[in-house]
Every structure is written in C-alpha cells, then in structure tokens.
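Each value in this text was obtained by applying a stated rule to the coordinates, not by laboratory testing. Keep in mind the model is a prediction, meaning the values are calculated, not measured. For neighbour counting, all protein chains shown are included, and Cβ atoms are generated from backbone atoms with ideal geometry for every residue, glycine included.
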Amino acid sequence: GEDVEQSLFLSVREGDSSVINCTYTDSSSTYLYWYKQEPGAGLQLLTYIFSNMDMKQDQRLTVLLNKKDKHLSLRIADTQTGDSAIYFCAESPSGGGADGLTFGKGTHLIIQP
Amino acid sequence: KAGVTQTPRYLIKTRGQQVTLSCSPISGHRSVSWYQQTPGQGLQFLFEYFSETQRNKGNFPGRFSGRQFSNSRSEMNVSTLELGDSALYLCASSSPQETQYFGPGTRLLVL
C-alpha cells in the first residue's frame, strides 16, 4: 500500500532555516500537502503542491518536489519559536476528500533559542 | 467563514459502551472525512461522505460507522468501545478537488 515517510525529529536554532523532508511511494500521488499540528490542536493546512509542479513559495514557506525520487521537502525560512509543532506530510491521488489522505508519522520541529 | 467544528471536544467512556461524535463542515463544503490519530498508528483515514453517501472507507472494523445529513453535517459512531479506540478523532471538510480543512478534533478516552 501507499507509504509516506518522515524523520521524527528536527532541531534548529531560532532564525535559521528548517528543512523537513518526506518521501512517498504512491506513483499516483497527485496532491501533496504539508499540515502543522500544535499541542492539543487539530491540523492546520500550511501549503500544498500539485505533482506537475517543482516548487511553490508562500511567504516563509518553500515546497520542493522531486517527482522522480518521490521526495517532498518543506523549508521554513527564519524559523521562530511559534513554528515549534509537528509537521505532517500527506498525499492523495485526488483533491477533495474522495480518496482520503495518507499521512506520514510527522516531524517534531524543535526550536533552540 | 466559520471553520470546521467538532463536538464534543473531550469524551470519557468505558469499554463496551458506544459513542457518537459530530462534525459540522465549513459552509458550502459537501465532503466530510474522518481520521483517527493515535501515538502508535499516527493519522489514519476512517471514511469519507459526500452528499449523504459514503464514497470511501479505510481499513477499520465494522464497529466504526458514520453518516452524513442533508445539511452536510456528519456523525461517526463507534460501538463496543475498546481501550485501543482511545484517540483524537479529526474531521475534515472540502469542496470537490479542493484541499481538506480540519477541525480541532474530539479526544476520546476509553477506560
């Protein structure tokens, strides 16, 4: 079945860039997402990218997609303490809810002062 | 526009009981999906409803069921609760071909 892999932890200094990586196995993944979850909260959609794109930038966030290697990354520029959270990579063959999202286990982003 | 709302936010039940969770989607969204989040298994897809019909289902036992009403609100039910059903249950809504937006979740504790 489909699988999405992420590192469990990433520690960065405040002000540095954070790069969270994700790999997926489903060749039919068309939509790829990054969600953020703060303690005790639900999932907040950060950004998404279609499989026909290589890069998407949205303010401090940059998403890079290497479709050949099935590798997705999220770069957060100028990381702040408020960025401390769990970041989930997710994929779906279609947009909307019809096919369900397959999630990675999440990467805990730890910010050092 | 109001976001996805879920009620109740917290729930404590005992083994063998049943529970019903509710989700109100973003206005205009007709697709509602449910997910279970546990420390061990992570986020897993339960099922999805669109226009009162279940379109897709994840790999969960028949004790997990759901329904959707004509106003797109959805409920999920878990019967004969087990300790392993303790989890955060998340609901998400979307428009066709659009991204899913999640609610704050219902945290269920089974004792």
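Here are a few things to note about the model shown:
- Modelled FRET efficiency - R0 35 Å, B:Q54 with A:M55, Cβ distances, 0.05 increments: 0.45
- Loop-resident sites, segment A:1-61, for trypsin sites (Lys or Arg not before Pro), counting at most 16 other Cβ within 10 Å (DSSP): A:R60
- Of the GluC sites (Glu not before Pro) found in segment B:51-111, those in coil by DSSP whose Cβ has at most 16 other Cβ atoms within 10 Å are B:E52, B:E82, B:E98.
- Of A:L74, A:A98, B:G28, farthest towards positive along the dipole that unit charges on Lys, Arg, Asp, Glu beta carbons give the protein assembly as shown: B:G28
- Calculated FRET efficiency for the pair A:K68/B:R9, C-beta based, R₀ 45 Å, to 0.05: 0.55
- Cα shape, segment A:36-113, gyration tensor, a/c 1.5 rule: oblate
- A cut-off under 9 angstrom between Cβ atoms defines the neighbours of A:T23, and their net charge, with Lys, Arg +1 and Asp, Glu -1, is -2.
- Over segment B:35-111, the pair-distance histogram of Cα-Cα distances with 10 Å bins from zero comes to 17, 54, 26, 3 percent, rounded to whole numbers.
- Square roots of 5 times each gyration tensor eigenvalue, C-alpha, the protein assembly as shown, largest first, Å: 29, 20, 16
- Partner aspartates and glutamates for A:K68 [C-alpha distance under 19 Å; skip if fewer than 8 residues away on the same chain]: A:E2, A:D3, A:E5, A:D26, A:D54, A:E91
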